[in-house]
Amino acid sequence: MANKRLRALFASIGLIWLFLLLSSLFILQPVSEAQTQRSSQPDYLAAYEIVGMLNEWRLEEGLYPLRLSDTLTDLALYQAEYVNSLSRTPNGVAIHVGRNGEGPKDRARYGRFNWPFYSLSSRIEVEEIAAANTASSAIAFWQSSRPHRRASTKPAYREVGVAALPHPFGHLYVVVLGGRPNVLPALVNPITNQLYLTTDESIYNTDDQWISNPTGVRFFDEAGRPLNEDFIEWEPTLEIPLTAGKRFFVLVTDGEVEVVTSVDRERDIIILPDHYPPLDEIAPIEYVLPPTATPTLTPTPPGPELLLIYDNDSFTLHNQAAYSVNLGYVEFDGGGERLPALWWRQAGSAPLFQFPSRDCLQAWSAAATRIRPPEPFQCRFVRSNRSNLSPSDRFWLSDFDVLERGQVIQTCEADAGTCEVDLPSLP
């Protein structure tokens, strides 16, 4: 009996010690990164901070600043959200490997992003850098790392997208830098009233259709009226004409190719650390309106921008301009339901608001579904197509109107087979 009591006592003591041991493990074990809850909500102020510091760095290196790109920001968020979902943040090259084992350039070619390339899909100007730290530590790391420094200061990159997600170490920053053929961003310094211009210094820029070394610049107001009589010499920064208004156009040429960039004074502002105070504290610029209400339009830049090619079974929209155009507000009305250009987004993520030069959209009838209609020779790349369309969807079977922002800008005849459209929103 005594032995049984003794065994029971030792068993009780053993259970108590086991409980205390397990409890101590839970109490003393430090909280790891994997156990810390992370937010998937982007911190846009933190993203702006990184852009400002990158631009400050690039200007110190004698380079032009980067413009924020919605597409590159989406691309950065796509990767950041995946990395943030992992139990631990990967180190080195692994942080750039996506959910399908792909790299940054592969992601940029996904249909949802469609980042333009130079002739071949392998010739794409996109690169990604990342860090999980504070903003200043991330910049210091990139500056001290040879591959990150090379990427951050590469002259071919003119645009940037940043994802900043809260992280135990500060923020998870994923930065995507990129450049597109014949897209030359221009950024406003609202304090000095200067415009920062860019050039295309990509090693892939070898085609005569792409602008290379710009030599001349012309300004146009929002209505397309020239603000200087002749081309002025291209410089990295230029004074913005006081007659430009809140929105204007900049035409840049190298003597052969012309590129038009739309500039909005309130949106296309250079981002720098503490560069400008809140907008309501900035002394407003007094714009001097042109003295005449009947200006003479210049024949440059050329139009019309769009070429529509159609027959009974197929319809092609071709951007024949030497610059990207905004199709986001374009609609087609053949007497039935009005169809916006956004209709093509249902079949692919075509970049309609900055539709690339020489690219196309296509639509086919149900009869042409099995045998795909050939792409017109004018098309460099078909961004999206709609197929298996019924006669009611084929608005081009009868005379149809082309509209922009609800206003008819061209009427096309069904029997003509082709129709050119000049977009009033561009010079």
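The set of residues from the stretch 308-335 being closer than 16 Å to residue 413 by Cβ and polar (S, T, N, Q) comprises just one member, 312. When each of 76, 94 is tested for being surrounded by 19 or more Cβ atoms within 10 Å (Cβ to Cβ) and in a helix (DSSP H, G or I), the lone residue that passes is 76. Whether any residue in the stretch 160-173 is in a loop (DSSP other than H, G, I, E, B) and within 25 Å of residue 356 (Cβ to Cβ) is what I want to check. Checked the stretch 160-173: no residue is in a loop (DSSP other than H, G, I, E, B) and within 25 Å of residue 356 (Cβ to Cβ).
Across the stretch 148-191, the number of residues qualifying as more than 13 Å from the chain's Cα centre (by Cα) and among the basic types (Lys, Arg) comes to 3.
Number of residues in the stretch 211-226 that are farther than 14 Å from residue 252 by Cα and either at pLDDT 90 or above or not in a loop (DSSP other than H, G, I, E, B) (or both): the value is 1. Of the residues making up the stretch 140-155, at least one is of a type outside the set (Gly, Ala, Ser), closer than 29 Å to residue 359 by Cα, touching a strand residue (DSSP E or B) at 6+ places or on another chain (Cβ under 8 Å) and free of Cβ contacts under 8 Å to residues at least 60 places away in the same chain. Of the residues in the stretch 227-243, at least one is within 18 Å of residue 182 (Cα to Cα) and either in a helix (DSSP H, G or I) or in contact with a Gly (Cβ under 8 Å, 6 or more places away or on another chain) (or both).
Listed here are the residues, each with its yes/no results for (1) polar (S, T, N, Q); (2) modelled with pLDDT of 85 or more; (3) surrounded by fewer than 21 Cβ atoms within 10 Å (Cβ to Cβ).
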residue: 254; (1), (2), (3): no, yes, yes
residue: 270; (1), (2), (3): no, yes, no
residue: 288; (1), (2), (3): no, no, yes
residue: 294; (1), (2), (3): yes, no, yes
residue: 298; (1), (2), (3): yes, no, yes
residue: 304; (1), (2), (3): no, yes, yes
residue: 319; (1), (2), (3): yes, yes, no
residue: 350; (1), (2), (3): no, no, no
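Would you say residue 200 is assigned to a loop (DSSP other than H, G, I, E, B) and surrounded by fewer than 21 Cβ atoms within 10 Å (Cβ to Cβ)? In short, no. Exactly one residue out of 136, 87 is in contact (Cβ under 8 Å) with a residue 12 or more places away in the chain, closer than 30 Å to residue 194 by Cβ and exposed (fewer than 15 other Cβ atoms within 10 Å of the Cβ): that is 136.
Taking the conditions (1) surrounded by fewer than 17 Cβ atoms within 10 Å (Cβ to Cβ); (2) outside the structural domain of residue 89 (by the TED database); (3) at pLDDT below 95 in turn, residue 235 satisfies each one other than (3).
The values are calculated or read from the model by the stated rules, or taken from the named source; none is laboratory data. Being a predicted model, the structure only gives us computed values, none of them experimental. Please note: Cβ atoms are built from the backbone with ideal geometry, for glycine as well, and neighbour counts cover all protein chains shown.
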